Every structure is written in structure tokens, then in C-alpha cells.
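The values are calculated or read from the model by the stated rules, or taken from the named source; none is laboratory data. Fair warning: this is a prediction, and the values are worked out from it, not measured in the lab. All Cβ positions, glycine included, derive from the backbone under ideal geometry; neighbour counts span all protein chains shown. Ligands, DNA and RNA are stripped out before the accessible areas are found, and what is left, the full protein with its side chains, is counted by its heavy atoms. Shrake-Rupley method; radii C 1.70, N 1.55, O 1.52, S 1.80 Å.
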Amino acid sequence: MLELTPAESLRQAERIEGAVHHDRRHDSAHKHVSGEAVYIDDMPEPAGLLHVYLGLASKAHARIRAMDLTAVQAAPGVVRVFTAADIPGHNDVGCDGRGDEPMFATNLVEFAGQPIFAVAATTRDEARRAAGLAVVDYEELPAVLDIAGARHKGELVVTPMRLARGDAATAIAAAPRRITGRMSIGGQEHFYLEGQIALAIPGEDGEVTVYSSTQHPSEVQHVVAHVLDLPSGAVTVEVRRMGGGFGGKETQANFFAAVAALVARKTGRAAKLRPDRDDDMRITGKRHDFEVEYDIGFDDEGRIAGVDFTFAARCGYAADLSGPVTDRALFHGDNCYFYPAVHMRSEPLKTNTVSNTAFRGFGGPQGVVAAERMIEEIAFALGKDPLEIRRLNFYGTADRNVTPYHQTVTDNVIHDLVARLASDSDYHARRAEIRAWNARRRWQRRGLALTPVKFGISFTKTEANQAGALVHIYKDGSIHLNHGGTEMGQGLYTKVAQVVAEEFKVDLSRVHITATTTGKVPNTSPTAASSGADLNGMAARAAARTIKERLVAFAAEHWRVAPEAVRFLRNRVAIGGQEIPFPELVRAAYTARVSLSSTGFYKTPKIHWDRAAGRGHPFYYFAYGAAASEVVVDLLTGEYRVERTDILHDCGRSLNPAIDRGQIEGAFVQGMGWLTTEELWWDAEGRLRTHAPSTYKIPACSDRPRIFDVRLYDTPNREETIYRSKAVGEPPFMLGVSVLHALSDAVASVADYRLCPRLDPPATPEKVLAAIEDLRDRAGRGSAAS
Amino acid sequence: MPGPMRDHVRFLLGDELREIRDVDPTMTVLDWLRTVERRVGTKEGCAEGDCGACTVVVGRLDGGRLRHEAVNACIRFLPTLDGCQLLTVEHLKAEDGRLHPVQQALVDRHGSQCGFCTPGFVMSLFALYQNEERPTPERIDDALAGNLCRCTGYAPIAAAAERMYELGAPADDRFSVRRNEVARRLAALADEATVAVGRDGRRFFAPASADALAALCLEHPDACIVAGATDVGLWVTKHQRVLPTVIYTGRVRDLRTIVDTGEALSIGAAVTYADAAAPLARLYPDVGELVRRIGAEQVRNMGTVGGNIANGSPIGDGPPALIAAGARLVLRRGDERRTLPLEDFFIAYGRQDRRPGEFVERIIVPKPNPADRFRAYKISKRFDQDISAVCGAFRLRVENGRVADVRLAYGGMAGTPKRASEAEKALLGQPWTEASVHAAMAALARDFTPLTDWRASAGYRQRVAANLLMKLYVETTEPSAETRLVGDRSLAHA
């Protein structure tokens, strides 16, 4: 063992338990494993609780001629049935007040699974049975179910966005080489393990408290108020934890909360709504599926001259977050690459399917997947290693560094990061080995790919980049922490508590973490866009600093020392020559009537965005990462396995490396799932048929890479973020792209790497086998023609 | 007459004896825990036995020994716990508040994020810890295949499965120490009486012998016969079907035996896949590999070989393998028995050759001829805990270079599990060559007109079904060829 220097051992002794930059377990880990962590359905049920269930439309597009709910009302245990007519306020649960998302459809049904009524009964089983008894007379209308149909019809849910820099058309036409193509990219179900749920408890004067499994309590509050025609001040929304969110509870919780609140308000009884998994999957939006058209010009070296992308997205029947989601696809249509001339546009298409919504990456992954397909096309056209094409086109550090939205990339670390990963993963030698291995195999092929990611951090909706926190210190020196961020498993509560503990230099156990509630911190932003720790960490630090400044001023005055002579040490405070325990200082400050409570506020600096002009500085900074994945494919069946994945990911100076590693690994596997086995399947009537884990296949334990090496690229954020860390929720999701490209590399072997396989995700075994056969056909035609 | 009756269900909830009289025959263990007992540590993730969030451990006597099995509480009916011990996540922490090694290992390895799947993982790991001393990484993956986690990507959970053994030896575990005592208590609960409980005119019967079962089936010809409930459970949780009369086979001791008759294995209809796996694998190694991929541990601990046949599903994986092996079915009605080739049991989609009052009693699986080659392949989107798009099982005998005998059975290709008679014809008597295989692959198009659904398109089903014949050919003729991505790869050329 190494001897510590005296300075080092002092530093270690002074390091608080739970210090920033150190591994720290999730604050609820011991409760997760013992079953003591309370989710909403686990809360003690109030006496007289009503259970609510939903009636769903069975048609994708129809007029409701008549709805007979007599049997529902008469069913055993039923207390009351609710339709749109019972809503005192607005029949709208959408996130932006467009009025295009009715809580209950009235005369027009716009997707199969759309809620049309609710029924409250004394047990959940009774409510569920009753909900099935409705008789609805539909007049069916022509339904638009897919992107092709939607493009034909041309109806949009929001104004499209356009990004342009330079003259893309001319640059592409003038380039020595040109490729056009298209790809389809599948959607994704969130599959949070805890489904949607809300419990509403009525109060006096119309007040209602809603326990909602939501990433956005403030929006739930506003939507409930809007539906019930109440001022927001009468509604309190609380969430201690979610059993997973992934974007699926950013806006999708609104509806369930509003229904529970309506029932509570109308009956005066507590009301709980928890849909079955199948109904949850039918009712709630998913990741948008896209069709991307690309037209690229490049030179013989593989250097891109110009790019034109069209991103057509199936948005579903309403806008929800489709505007910013499709925008973010465009923002990431460059991934890590400099486009000398570029034109991109979005097509946010209306369809008669569920309204698609936020999902980790928020459109960004679809942009990255399209950019990587473009790289692959260039590489195959030139017979080069895709990694070489990637590196050739990386953003520069001094020049070639302006994005399609005219923001200059100033924190680019991708060159070094990818060089290190290529070396650590032995990329080049393995690529050669795999090719040699493949040359000797008739029934299996291996593939290897290294793909990078650059992800813009900040809400592109600038106003969302603000956060609040509330810190109290009680007389015993214990600290009560609250902030606007929500905990969905990502370890946000732990990280923010670490920040506050570090500020006061007290052990983390002294910081009491409390449930997020609109009653403590108002007007919060969703916990989304990877922003949770960046925003709420800063807000909590601000609150802690305010109190700390008061304590310092008090101590300086009380003990007659200079403020600089007051220093916070581990669990104690040095005041001049003496040291006192932290609680003692707190007690003395209380006695001297010093306020021990403070709010904190933070807003992200430097950012601005003009959507109409397609110009600005929408991102405070970028997070980077790269992954190298190796797969083996069965050529007879299209089945495959991920044999090895190496990841190097940039979290800045990580606030908590253990938690960040968990985010990276989990995001990678989720991203891999999106691109491989997770297939959403609608039938010809527009009904989702993959609505449960028996039919919708997220990765299982044995699907993770057999060898899985994850490392942090540990360098400080160049911007002044909380302890120079970087956001980590979404960026590593796109590391899963390496698996898609490794599959493509393996498939390409069947045509001797001469043709781009154009393997569209999700690359199910069926799709992989189809790509193998298509490639053999194309290669056969090619050689026949030559 | 079914013999003596007992009017209550009795089981241990941890150490506590529970006797329940008035019970809904199809109330799930999960609903009972969460809504009646308010033990809310066990979670509902899907209510169809596919996510594992509801995993609990059931202790049952197996030849006098206590065995702990992870099962899905969401699709297990409460009265089926009769004579068992139920352990939930709440039981694991010691009275002094110390976490169990399984729990501490998950904390140490950062194995929980959102925490909602965690109690299920804890219980799957707990069952593994109780049953196995040194699981391999592959075994750990198998033990966790029935638990979905959407947050962690599984690596820290698998690491916890290794860590837990460092925190304490299973033999010293307080549950191991008390194993004999619990076994004694469970033995005292076992009896020959038929459990007969119910509510609101709906009845649940759990006979203890095949004779009693036969009598009950005659008496209640419309009853729903339930074995593992891994299918029937979903009728209840997903479709809210009301089953007036349920006859449960899990207590029928003579239906839980596997008897070696010399030339065959006679498998009782209530033998679970967990119990059948090893004996079947000894005869047909590839059936062992196939069974490893039927459902997951929780499902195999409940689901039975007989149930997988009797429910007539076109996508069950057991029937194709057993048909290829030449299995026969023993059906019993009262004291009458008849035997038929397994493939003849399946008449059409949703229709089987089972008469009112009749039940599947045994499955007779012949031992392979030493000259036979047997292969079973399961094609699904995901390797573990998935339902086959296509399942192909083949028995082949080549003599003097020619196909002397061949049975090709498929699941997922028609409304029933079915033999590919045209493809068999194309092979029989032909030289075992690539050309003959191609002829058989082409003949499959005359055997099947598969459907397109969410698991696969008709085209893929047709293509992959044919390619599996090529895989069979490669595995029987090219000893060096790599053809397996998962499982024991040595099986490819066994």
C-alpha cells in the first residue's frame, strides 16, 4: 500500500462521508432491496378510497355516434362514471395548452386506446370489470397509421423546423461523390417498471393533493388546476420517487393525475388510478419513429461537402412534445461531424396513433442514427473503415466547428476520446482479426463498430433552464433538502444531497432528502433533458450558500473574528482558533435569531435560441462519449449476440462515479434494446399489439454484452457547472448505436464488404436475416451485371 | 368420490401458519399480498409473469427436502400455496435490521436505480443463493432471465450475484439453518385430503392423488384444470375471466413423478419444467437447452410439461420437441386410460382430443436410439423469456448415408404444433446431403402457411423454418462449424 503524505491523509480525514466526486450508493438503495421504498401504490390507502379505471376507444379514427354507459354504472361496486361532461374546467391534459389532448374524447376518437370515460368503484377489480361493459357506437373514419400515409396526407402537429448553413444543394451537386438514401427508425416503449399511477386526496375549498408518478410535478399541478377550474395554488403535487421514467412520465402522467383528481373532487373521496400494463402501453406515447431521407455529397477521401436531411416523424394524434423532439433530431443530425453546407428539415406528422412523447434522448438518438448511417454509406462507397470516415469528419477544435444551428463547438474532446477508446478496445487489430475470422466461416459472422456521440445539454426551450431549491437547517443541525428535481432512479436526490453536504462540509447522513412537492418549490421544470443535477444541484448549492453566508457572518460577529477566519471543516466549524461542532454553530445562530432557511435559484447562463431563424446557442455545453461493440450473427436465422462492448464516456468531473457508471451502462443497454429487439407492432386497424413484456422485448440480463468495460473520461467541464460535472442521463443512450453498426458490419461480410447493408432499426433477427438476404441478392445482381 | 375433503388452505407465510377458508379460487398471490395483507414490497410490473417484479420464493417439500423456488406471484393462485412456505422480500432483513447478504450485495454493487424491479431481483437471487453454491456467470444470467430491469443494464445485478457469496456462505444463512425445521412443519401440513375452498359459489379443488383428480374431473367435467397457471393466470389477470371451478394438479403426488420404464421416461403431467429439465436433457441434450429457454426460472418452476401440452397452444415449445422425440400421451377419464401419439392430440387451433372429464395424466418420452441425432431450435426476438416465432425440433437417423428415419416438428408455423410431413417425405430414403436438405426446405412450403404477427412475418417464419433444416444438416455433418450463439455450444455436435 502507498504511504499517504500528511497533506493527503489530512485531506482524506477531512473528506466528508458522501463527498462529491466519490462513489456513493443511491440514497434509497437499502430501501429498494428490502421492499421498504414506498411507491404510490404502496402508500397506505385512505379510508373510503375509490379505485378508478378507464374506458378506451377501440377504433383508431372514428366519430362516436352514441355511448351507452348504463351497464358500467350498474356494475357491482361502481360509485360513479365520469365523461367529458363531468369536467368542471377544460377537457385538456396536453402539456402546452394547445387544447389538442382531451382528457376524454367526446365525439371524435383519434387513436385506438384513447380514453373516453372513467369509472370509480370500491375495488380496482370492480372498476376494471365495469369499464369493459360500455357500449360505444362508432362511425369509423379513414385512419392514417404510418409515416407514409401521413406524408401523403400532409397534416402536421406543429410548425416544422428548418436548419441551414451554407448552400447545401450546390455543395452536394458539386461534390465528387453523392449518395441519396432513406432509412426508417423504429419507436420505443419506455417500459418503466412502475406503470403510470396517481392518487388524489380532496381537501377543503376545492383543494386537492395529488401523488403522481411524474417527472414534472409542476405541469401536473397546472393541468389538474386547468381541468378542475382551480387556481394552481389549490393543487399540490408530490412525488417521492418513480419506478422509472425515461421521459415517459414527463407529460404522460398529466392525464392519470387529472382523472384521479377529477374523481376526488367530484366524490369527495380519495381516488387512485393505476392502469394495467397493457392499458398503460396503449394509452401512453412512445419514442417517435422516423423516416429519414438523406442526400450527401463528399469527396474521394470521404470528407463531407454537403448534407441534406429530412426527418419525418410519426407524432401521433396530438402535438405533446413532438415539436421539441423533432427539433432535437435535427440538432443531432450532425452528431460529431462538421457539415460545410447543410440543410435539414423536420416533418412532425399527424397520425391516428397514440401521441408520441419524450424518451431519453428526445429525438437526438434518431438524429445520431441518421448521421451514422450517412457515415456508413460513405465508408462503404469508398471501401474504407467507417471509423476513418468518422474521424475525418469530426468537428475541429479551432476551425470546422460551427454546427448547423450556428453554435460554435468550443469544448470538443471527441478526437482524444475516440483515440483512447480505439486504443483501449484494440479496435484496429480486432477489426482485422474479425475479417480474417469471417473469411473462414460460412454460418456465423462477426462485426465490430466504434461509434461516437456528442449531445447538446440544455432544454432547447430556454425558459425551462431554471431551477429552485429549498434548504432548512433545524436547531439540531440536521439539514432538510428539497428541490424541483424528481427521482426516477437516476440518483438525482443523492447527487444534490452530496452537493449540499459538501457545501456545509457535513456528512451526507446529516442531509435529509425529502419528496419533491410543488408546495415547497414552485414552477419547476421537468426532470428531463439530462438536466436534473446541473440545474437542481446549482439551485441547492445557492440555497446552502445563502445560509452558509449568514452563518459565517453570524460567527464572525459573535466570536469577533474576520469572516475569512470562519472555515467549515468536516462536521465542525473553525472560528478563529477554536473549533465547534456544526450543530453547535447552528444552535447559536438560531439563538441569535439568524434565519436558517433559504431558497436557492439557478438559471443556465449563455443560452439563447431563435427557432424561426434556426440560429442561436441552444446548448450550454456538449457531453461526449464513444462505444465499441462486437457482435456475432447467425447467418441462417439472423439471431445475434453482443460479445463485447467498450465504452469511454465524458461526465466531466463526475459528481458520483458509481451513479454515473450506472447511468452509462443502463443507457447503453436501453439504447441497444431500442435498436435491436424492441419492436412496436400495430395491426392494420391501428391497434398496438405489442403492449406487454410478453410481446415487447426489452433486453434481458443475458443480452448485455458478454464483456462490458465502461470507463469515465474524467476531465472537468469547461463550463462552470456544478463541480464541473456533466449531465449523464441521455448522452450514453446513443452509445447503443455501436451495436447496430456492429450488426451491419457483420452483415456486410456476406457481400465482402462491398455494399452498405442499410440495416434499419430495430434490427430484430428477422430484419438481420432480411438484410443478409437482400445483400446477397444485391451482390449477386452486381456481379451478374459486371 | 374424490375422498376426504379439507375446507381450508394452509401454508406458512414466513414462519406464520395461515389457514384460509373463504378465498376467491383465482385470487393471485400478488393481489393477496398487496391488497389483503398490505405487504407491498412485492410489486406488480406486468401481471403476466414476464417481468419478475412480483417474484416471491415458495418453499416446498421435494422428496422430504425443502426446496426454494422463485415464482411469479402475479399469476400464481393463492390456494395453490397449500402445503408450502411463502417468502417475500420483507422476510429477508434480519430482526436487528441487518440486510441479508443478497440485499447487501445489491447495495454494494449499485444494483438498484429506480428500485421497482429490485424486490423481484432480490427474491430471484435469494432462491439462487439458497439452491446453488457456486453458480457460473451463465447460471446467474439464467437465474435472472425472468427479471426485467430497465435502469441498470444488469451488469451491477449480475455482479451482486457474485458478491452475495462473499458476504456469507449459504450454509450459514439463517434460512438454511432452519431448513429442517421448516421441512418438518410443511410435512405436518401434507395430507391426503382434497383441498376444497371457494367463494360466491366458485370452487377450487386441489386433490392429492390421481384417483381423486380423476373423480373430481368426472364430477366437474367443465372445470378448468390448472397446473402451473402460467397460461391460465393470464386469462384471469389480463382478460378477467371468471372460472367457476378450478381443479389444481400441483398437489397430485403421482402426477409429479418421473418414472424410468427402461425404454422410456414416463413424466407425470404435473411435473414442472424445472423438474423435467435434467431428466429430459440426459436423454436429449438439446431438449435441455430448449427447456432452459422456456419462459424463465419463475415460469419453469410453475409451468408443467403436461400443461404446456394440454392447453393446446400452437407456440408452446414443449410439444414440438416431444413430438419429434416420438412422445405419447396418456389420457385418463375415471379409471379409463388411452394412449395416443402426441401429435394426434392437437386437432386444430384451440381444439384438442380431450373429452369431458378427461385429463392428461402422463407423457411417455421414448429413449433415443443411439443412432438418432436430435436437435431443437428456438427462434425468438430475444433469447431468454420469449415466446417462439418458430420452434423446430428434429429427430434424424442416417444409415449408410441415407435418411432412415426422420421426424420434423414445428411450433409457430400452424394453428397447432405440427409435423412437416412433406419435408419428412422429401428426406426419407434420400442421401443425407445438402441437395436433399434443399429439397426438404422447399417442401416445407407445402407443409405450412404461417401467419404474420408481432413475433414474426410469415416470410421470416417460412424462411427460418427451412434454414433450421440446414442448421441440422451442418451440425450433423460439419463438426467444426460454429452454429450456436447461446447455451452449451458443445450441443451443436453432440
Heads up, chain B by the C-alpha gyration tensor (a ≥ b ≥ c square roots of eigenvalues; a/c under 1.5 rounded, else a/b over b/c prolate, else oblate) looks oblate
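Pull up the DSSP beta bridges for the protein assembly as shown and report the antiparallel fraction as a percent, rounded to 5.
Working: 167 of 204 bridges.
Of all bridge pairs located within the protein assembly as shown, approximately 80 percent are antiparallel.
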Rounded to 0.05, the calculated FRET efficiency for the beta carbons of B:Asp335 and B:Ser480 at R₀ = 60 Å is 0.60
Long-range amide H partners of A:Phe117, meaning residues 5 or more apart or on another chain whose placed amide H is closer than 5 Å, are A:Gly55
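When N counts the residues of the protein assembly as shown, how does its alpha-carbon radius of gyration compare numerically with 2.2 N^0.38 Å, as a ratio? Intermediate results must be reported in sequence, preceding the final value.
Details: Rg = 31.3 Å, N = 1280, 2.2 N^0.38 = 33.4 Å.
Cα Rg divided by the expected 2.2 N^0.38 Å: 0.94.
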With the charge dipole of the stretch B:11-190 built from beta-carbon charges (+1 for Lys and Arg, -1 for Asp and Glu) about the Cα centre, the Cα from B:Thr26, B:Leu167, B:Ile157 projecting farthest to the positive end belongs to B:Leu167
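What average count of beta carbons from other chains do you get within 10 Å of the Cβ of residues in B:373-384? Before the final figure, lay out each step's value.
Working: counts 0, 0, 0, 0, 3, 1, 8, 5, 13, 13, 9, 6.
Mean number of neighbouring Cβ atoms from other chains: 5.
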A correct Karplus calculation of ³J(HN,Hα) over the stretch A:188-199, with 6.51 cos²θ - 1.76 cosθ + 1.60, θ = phi - 60°, whole Hz and x for Gly and Pro, returns 7, 8, 5, 6, 4, 5, 8, x, 5, 6, 8, 10
With all protein chains present and a 1.4 Å probe, the order of B:Val40, B:Val89 from largest accessible area down is B:Val40, B:Val89
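For the stretch B:40-145, what class follows from the C-alpha gyration tensor (a ≥ b ≥ c being the square roots of its eigenvalues): rounded when a/c is under 1.5, otherwise prolate if a/b is larger than b/c, else oblate? Present the calculation step by step, with values, prior to reporting the outcome.
Details: a/c = 1.35, a/b = 1.18, b/c = 1.15.
Rounded, because the longest to shortest axis ratio a/c is under 1.5.
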For A:Glu388, placing the label point 7 angstrom along Cα-to-beta-carbon and taking the stretch A:745-786, residues whose amide nitrogen sits under 12 Å are none
Between the alpha carbon centres of the stretch B:185-238 and the stretch A:63-83 the gap in Å comes to 36 Å
With all protein chains present and a 1.4 Å probe, the order of B:His110, B:His91 from largest accessible area down is B:His110, B:His91
Phi-derived 3J(HN,Hα) across the stretch A:10-24 with the Karplus relation (6.51, -1.76, 1.60, θ = phi - 60°), rounded Hz, x for Gly and Pro, is 5, 4, 5, 5, 8, 6, 5, 5, x, 5, 5, 6, 10, 4, 8
Per-residue ellipticity at 222 nm attributable to helices in chain A (runs of n ≥ 4 DSSP H, -39500 (n - 2.57) apiece, nearest 500 deg cm²/dmol) works out to -9500 deg cm²/dmol
In nm, the gap between the two label points placed 7 Å beyond Cα toward Cβ at B:Arg38 and A:Arg593 is 4.6 nm
If every Lys and Arg gets +1 and every Asp and Glu gets -1 at its Cβ, then about the Cα centre the stretch A:258-332 yields a dipole, in debye to the nearest 20, of 1260 debye
Along the stretch B:264-280, Karplus-curve 3J(HN,Hα) (6.51, -1.76, 1.60; θ = phi - 60°) to the nearest Hz, with x for Gly and Pro, reads 8, 9, 9, 9, x, 5, 9, 6, 6, 4, 4, 7, 7, 4, 5, x, 5
Sorted by chain and number, the residues with a modelled amide H under 5 Å from that of A:Leu156, at a separation of 5 or more or across chains, are A:Lys350
Note on the stretch B:373-493: alpha-carbon gyration tensor, axes a ≥ b ≥ c; rule is a/c under 1.5 for rounded, else prolate if a/b larger than b/c, else oblate; result oblate
The long-range amide H neighbours of A:Gly316, using H built 1.01 Å from N in the peptide plane and a cut-off of under 5 Å, are A:Thr351, A:Thr353, A:Asn356
Rounded to the nearest 0.05, FRET efficiency between B:Glu181 and A:Ala432 (Cβ-Cβ, R0 56 Å) equals 0.35
Of the residues A:Phe331, B:Leu186, A:Ala700, the Cα lying farthest along the dipole of the protein assembly as shown towards its positive end, which is defined by charges on the beta carbon of Lys, Arg, Asp and Glu, belongs to A:Ala700
Per the charge dipole of the stretch B:373-493 (beta-carbon charges, Lys/Arg positive, Asp/Glu negative, Cα centre), the residue among B:Ile379, B:Thr416, B:Ala389 reaching farthest to the positive end is B:Thr416
